[in-house]
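The structure under discussion appears below in the form of structure tokens.
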Amino acid sequence: MLLSMLCITGMAQTFSPERIKNPMLWADVPDPDVIRVGDTFYLVSTTMHLMPGAPVMASKDLKNWETVGYIFDKLTDSPKYDLSFSLPLDQQEGKEGVGTVYGRGQWATSLKYHDGKFWALLAPNERGAMGDTYIFTAPKAEGPWTIHSRLRHFHDATLFFDDDGTPYVFFGTGEMCQLTRDLKGVVEGSLRHYFQREADERGLLEGTRVIKHNGTYYALLISHVYAPGRHRREVCYRTKDLKGTWEKNTILESDFGGFSYLAQGTIVDTKEGDWYGIMFQDRGGVGRVLTISPVRWIDGWPMLGDENYKVPDVVRPYKSGQPVTAIVCADEFSSSELGLHWQWNHNPVDAAWSLTERPGFLRLKTSRVVPNLYLAPNTLTQRMEGPTCSGYICMDLSKMKDGDCAGLTAFNGDSGVLTLKKNGKKLTLEMSEQKVSLTDQEKAVTKVEEKVVETVDLTKQVNAKQPKIWLRLDGDFRPGQRGGTDAANFFYSLDGDHWTQIGTKDYRMIFDYRRFFMGSKFGIFNYATKKAGGYVDVDYFKYHCNEK
């Protein structure tokens, strides 16, 4: 099991100031669903090919969030989840399991609490059996979660329990069906369209979330419109009768913070009956960030935003005086279990990492020979955050083998990479720009373009007497800054105090929905290109994020 670690700023517990600055979470937290159980809000998000998957976050005040669990540790429907079966393109035809799940895996999880249990529904964005819908259940949000059933694929779906306990799934663009009471099948004849999109809504209406309030059903969806003067927006359909006619209204059409219009999310109430809307916004290299807005019920519609129907810069927290927590955290690796703020790229090789073989260190072992970073097992990741952030590691290199590559990366389809390379007795540090090409369907790695920007020979500086090196990555996601938004800069140190910049200045991080479909991540890696069996020990990950 994974250990829940509370991330608290500083040595002593500190408390949150009395405001929420938007973005509420300036990090990659897309496709949110949010519910309240008692005095606690729970949020789930999409993390696709990262494992464990379907993170569950908790907050008492809608400002300070922490990751409290994951709905699953691994997905095992295909060896694609393991990065273990990738052949040259000309050898892939007809081979089952060839490829990866970059940008696939877990999508748009729906979270509900019903009859004393937590329920989650998700469907990987895959064809065939890999894309079948999972329904999980747990006695508490932290888990343990177990698979309750598998159903046909439902795209961007939400689970909904009516007042009498009847379960439904709303999905796709205006589709819905009733589930059997045991949530293990679809009621025959119940599949129907409850609305038809407008002529200028040529994209999908997706990301459905459904609530019931004062006897009325509300379905919230993102709408992509292409008519002049109209933008991406959040729309709402409502009805008193699930089999009746649904009315439609636009409940949010707002840009924010110098970026384009935002939508997709849900609304949630407090114990006192106030409502908030939580929607995500695309923000380039950092990913899709979360915003929070007040909700005003006007003529029976949940209208998001301030008095001008715009996402506000600042929102009052639901509660005051709450401890400061975070979803991105520093780590001393002093526990025997990995903190919940970390996720692996694809399923990890469990035998190839350890926190106990050298207490106080994360040991990353090479387990198989691979040609590049994008096929390397056991790359450990965390989100990057805005407006600016900085993370660095201290790594012991004394057990690297010939051909091993280890380091720190701003990991994405286009990655800025700091790589320590062992070639015989020679040790070099490279800063490179790497770009992966993937097939559209199988997400198979067909090519990795690597541009080495700068190389430093460390053979004499880092040796048996001083086998450590420090690697640092700074991210700047402020719009309109010198060097442009989404700039990454890379540094190394031989003592942990004096830093030397290396490689590309203001490397441009990007968001690419055709490949990874997520924001850039801190990635710690170690892989073998000649022979498995070497390892590196990571002493700590130090992290700082500036205030918004």
Taking the highest mean first, how do the peptides 488-495, 276-283 order by number of other beta carbon atoms within 10 angstrom per residue? 276-283, 488-495
Please give me the summed charge of the neighbours of SER432: other residues whose Cβ is under 13 Å from its Cβ, Lys and Arg +1, Asp and Glu -1. -3
The range 355-380 and the range 405-465 have their Cα centres apart by a whole-number Å value of 15 Å
Can you work out ³J(HN,Hα) from phi for every residue in the range 433-439, in order, using Karplus 6.51 cos²θ - 1.76 cosθ + 1.60 and θ = phi - 60°, giving whole Hz and x for Gly and Pro? 9, 10, 9, 9, 10, 10, 5
At what distance in nm do the modelled label points of SER190 and THR459 sit from each other, each positioned 7 Å from its Cα along Cα→Cβ? 7.0 nm
What are the ³J(HN,Hα) values, in whole Hz, obtained from phi via the Karplus relation 6.51 cos²θ - 1.76 cosθ + 1.60 with θ = phi - 60°, for each residue of the range 346-357 in sequence order, with x given for Gly and Pro? 6, 4, x, 8, 4, 6, 9, 8, 7, 10, 10, 5
Expressed in angstrom and rounded, the centroid-to-centroid distance over alpha carbons for the range 55-73 and the range 192-238 is 27 Å
Sequence order, the range 215-232: Karplus ³J(HN,Hα) from phi using 6.51 cos²θ - 1.76 cosθ + 1.60, θ = phi - 60°, Hz rounded, Gly and Pro as x, gives x, 10, 8, 10, 10, 9, 9, 7, 10, 9, 10, 10, 7, x, x, 10, 9, 3
Under a Cβ-only charge scheme (Lys and Arg +1, Asp and Glu -1), can you give me the dipole magnitude of the range 488-532 about the Cα centre, in debye to the nearest 20? 400 debye
Nitroxide proxy distance, nm - points 7 Å out along Cα→Cβ at ASP440 and ASP306: 4.3 nm
Those trypsin sites (Lys or Arg not before Pro) in the range 436-479 that DSSP places in a loop and that have at most 10 other beta carbons within 10 Å: LYS460, LYS465
Let a ≥ b ≥ c be the square roots of the eigenvalues of the Cα gyration tensor of the range 179-299; is it rounded (a/c under 1.5), or, if not, prolate (a/b larger than b/c) or oblate? prolate
Once Lys and Arg get +1 and Asp and Glu get -1 on their Cβ, which of GLY165, GLY386, LEU362 lies farthest toward the positive end of the dipole of the chain? LEU362
Considering Cα pairs under 8 angstrom that are at least six residues apart, work out the relative contact order of the range 84-224 and quote it in whole percent. 15 percent
The farthest towards the positive end of the charge dipole of the chain, of the residues PRO30, PHE511, GLY229, given +1 on Cβ of Lys and Arg and -1 on Cβ of Asp and Glu, is PHE511
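First select every other residue whose beta carbon is under 12 angstrom from the beta carbon of ILE222; then total the charges, Lys and Arg +1, Asp and Glu -1.
Net charge around ILE222: -2.
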To the nearest 0.05, how large is the calculated FRET efficiency for GLU357 and ARG152 if R₀ is 35 Å and r is the Cβ-Cβ distance? 0.20
Restricting attention to the range 96-153, which GluC sites (Glu not before Pro) occupy a DSSP loop and are surrounded by at most 10 other Cβ atoms within 10 Å? GLU96
If you average the sequence gap of Cα pairs under 8 Å that are 6 or more apart and divide by the length of the chain, what percent do you get for the contact order? 16 percent
Percentage relative contact order, the range 240-347, counting C-alpha pairs under 8 Å, at least six apart: 18 percent
Between Rg and the Kirkwood Rh of the range 470-509, both from Cα atoms, what is the Rg to Rh ratio? 1.05
Suppose R0 equals 45 Å; then what is the FRET efficiency for GLN466 and ILE510 from their Cβ-Cβ distance, rounded to the nearest 0.05? 0.80
I want to check the label-to-label distance for LYS426 and TYR113. Put each point 7 Å from Cα in the C-beta direction and report it in nm to one decimal. 6.1 nm
Quote the Stokes-Einstein diffusion coefficient, in whole µm² s⁻¹, for the chain, based on the Kirkwood radius over alpha carbon pairs, a temperature of 25 °C and a viscosity of 0.890 mPa s. 101 µm²/s
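Only the coordinates and a few stated rules stand behind these numbers; no lab work does. Predicted, not measured: the structure shown is a model, and the values here were computed from it. All Cβ positions, glycine included, derive from the backbone under ideal geometry; neighbour counts span all protein chains shown.
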